Amino acid sequence: MKFSFRPVEGAFYDLFTQAANNLVKGTELLNELALPGVDVQSVSDRLTDVEHDSDQITHDLYKKINSTFITPFDREDIYSLGSQLDDVMDHLEAVGNLLYLYGLTELPSLPREMHELVDVLDQQAKITADAMPRLRAMKGLEEYWIEINRLENEGDRSYRMLLVRLFSGEYDALTVLKMKEVADELEAACDAFEHVANTVETIAVKES
Amino acid sequence: MKFSFRPVEGAFYDLFTQAANNLVKGTELLNELALPGVDVQSVSDRLTDVEHDSDQITHDLYKKINSTFITPFDREDIYSLGSQLDDVMDHLEAVGNLLYLYGLTELPSLPREMHELVDVLDQQAKITADAMPRLRAMKGLEEYWIEINRLENEGDRSYRMLLVRLFSGEYDALTVLKMKEVADELEAACDAFEHVANTVETIAVKES
Amino acid sequence: MKFSFRPVEGAFYDLFTQAANNLVKGTELLNELALPGVDVQSVSDRLTDVEHDSDQITHDLYKKINSTFITPFDREDIYSLGSQLDDVMDHLEAVGNLLYLYGLTELPSLPREMHELVDVLDQQAKITADAMPRLRAMKGLEEYWIEINRLENEGDRSYRMLLVRLFSGEYDALTVLKMKEVADELEAACDAFEHVANTVETIAVKES
């Protein structure tokens, strides 16, 4: 590892890592929804708790930006990265909330493509959490953003096939509309992970 | 008030204030739609007029950016703030237009949650209009963006409960689809006010 | 033409021009879908090929940004412009794919407003492709972004009238939902052309 001339501002890296670890908790909760006999309201409530944690982390990050004279990279980029990690969590929470509010988990089963999308999100969350500590040395990040983009493409395909199924006539119009809302939040979460990766790429381009 | 070393470029603050005052006119017109026996086409037309005013203000702002050597803060931020104020107006106009185009005001009544969302927008417009003149001294802005974010969360909850009602079976599928379009524009307007507040926060962070 | 003091970095302009020319190919393929007896799967596949070309161009552009010491304008703006041109193509591809996947071309005819939107996109693509080489001298760009904005407004009107027709009761609910997805991608493509134009305007403002 090269010696860093940048001021050691570990707190920023810690906050990014905490925020990303929270996203892993979020996708793990979504995975629980697939288990038989799960208490959907409880999962939805715990997602809301994790989302509040994320808000607190984002808030701490913003305060840190305001109170720090020299930041490890551009203030605006720290700000973007923080708010984009927060955006992912908002979409994850929305998925759990909507499944509960619309009573969709009372259906015999959710479409297979929804589970595929949750699985993509889970992988994205894990490699994002792995990548955040590597921001410090600005090393090994390219593989991270390439993989996030690959997963986003995979998510896009699952989303598209999910819509084909929803519009196939298998479900009534109102159920289709409800599932479409959930599908859109799942896809927005996939995209939001990509926005995080794009910002990491922008930071790395500037620093290189 | 501290003495400002920034060049006095009052015209920028005036244009931001005018743009925000126009948003207040916009939300007041949306409020008129709730009145019994209202002429919906007339309200929709007046919204379009207000939107044209906003376009002109945005245009004047861009010309001002181009013709001014020293701007009170970063050109790009002035540009963002102007275009984001304009975005809010686009969504407000869309709400009025769609209600008219889809004939939704012919229903016995619109869902209560729609009125709640218009009320949130009205509050957001008023505190945004109050905050714009404070950009000059960069004081008292934190309470503004905190309140906008709180209102945006309130709007999110109303939006979510609105969808639950729309998908409850109370309305036929086509009416649901029409109302969903209006609901999405209302929610996008709430978000757009938050984008304005985020840009104000970014500017304040840079200047602090 | 004024003598340019900017380092001659023709490769960037070439890549932007190639990306924009690809968008013209994309809208021409969408126009083919209106022809009687067209092989929809073949058009959809060719759109996917053009989209892969665009991905490669974007990738080359990013590599060029990383390996070039002095860029003709801000790295971040080159980056934005490249990714926004890529976004347009993603939406064009989505239109073709969805029309095929949902079997919508098997309908007796698509709504007239859809053809209007494709026509708007075709005009936007052509003037974008014309404008890209003019980035080099930073001349004659204002008329380009004004015209893109005018076309975007025209597209907005067509989109709105398309929704009025879709919700009129002429089609069943599932067909409406499928067409709505296509309509949203068409409208997103119109918007995406405007984002490209806005970035060109931002660059021109900075350079002026």
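Details
- R0 of 51 Å, Cβ-Cβ distance C:ASN153-A:ARG150: FRET efficiency to nearest 0.05: 0.85
- Here's the picture: charge each Lys and Arg Cβ at +1 and each Asp and Glu Cβ at -1 in the protein assembly as shown, and of B:ASN31, C:ILE127, B:ALA183 the one pushed furthest to the positive end of that dipole is C:ILE127.
- Equivalent-ellipsoid semi-axes for region A:58-208 (Cα gyration tensor, √(5λ), whole Å, largest first): 35, 17, 11.
- A:GLN56/B:ASP130 FRET efficiency (R0 35 Å; Cβ-Cβ; nearest 0.05): 0.80
- Lys/Arg +1, Asp/Glu -1 at C-beta; region B:1-158 dipole; positive extreme among B:ALA137, B:TYR62, B:SER109: B:ALA137
- Computed over chain A: relative contact order in percent, which uses C-alpha pairs under 8 Å that are six or more apart: 30
- Charged-residue dipole, Cβ positions (Lys, Arg, Asp, Glu), the protein assembly as shown about Cα centre, Debye nearest 20: 1820
- Within chain B, helix-based [θ] at 222 nm, where runs of 4 or more DSSP H residues each add -39,500 (n - 2.57), nearest 500: -27000 deg cm²/dmol
- Lys, Arg +1 and Asp, Glu -1 on Cβ, resulting dipole of region A:10-207 about Cα centre, debye, nearest 20: 340
- Shown for A:LYS25, C:LYS178: other C-beta atoms within 10 Å of each C-beta, ranked fewest to most, produce the order A:LYS25, C:LYS178.
- Label-reachable residues, region C:46-66, where backbone N falls under 20 Å from a point 7 Å from C:GLU28's Cα toward its Cβ: C:46-58
- Peptides B:165-176, A:13-24, A:63-74 ranked from most to least packed, by the mean per-residue count of other Cβ atoms within 10 Å: A:13-24, B:165-176, A:63-74.
- As a proxy for reagent exposure, B:LEU151, B:LEU104 were ordered by neighbouring Cβ count within 10 angstrom, fewest first; the result is B:LEU104, B:LEU151.
- The magnitude of the dipole of region B:77-151, with charges of +1 and -1 set on the Cβ of Lys/Arg and Asp/Glu and taken from the Cα centre, is near 260 debye.
- Cα-Cα over 27 Å, subset of B:LYS206/C:LYS63; B:LYS25/B:LYS178; A:LYS206/C:LYS126; A:LYS25/A:LYS178: B:LYS206/C:LYS63; A:LYS206/C:LYS126
- Distance-filtered residues of region A:174-191 - backbone nitrogen under 19 Å, label point 7 angstrom along A:ARG112 Cα→Cβ: A:183
- For region B:109-204, the residue among B:VAL118, B:ALA173, B:THR202 whose Cα projects farthest onto the positive side of the dipole built from Cβ charges is B:THR202.
- Residue-wise HN-Hα couplings along region C:184-192, as the Karplus relation 6.51 cos²θ - 1.76 cosθ + 1.60 with θ = phi - 60° gives them from phi, are 5, 5, 4, 5, 5, 5, 4, 4, 5 Hz; Gly and Pro carry x.
- Averaging 1/r over each pair of different alpha-carbon atoms in region B:45-139 and inverting the result gives 15.6 Å, the Kirkwood hydrodynamic radius.
- Each distinct pair of alpha carbons in the protein assembly as shown adds a 1/r term; the inverse of their mean, the Kirkwood radius, is 25.8 Å.
Throughout, read-outs are computed from the coordinates displayed, never taken from laboratory work. Just so it is clear, the model here is predicted, and its values are computed rather than measured. Quick reminder, even Gly has a Cβ in these numbers, built from the backbone with ideal geometry, and neighbours come from all protein chains shown.
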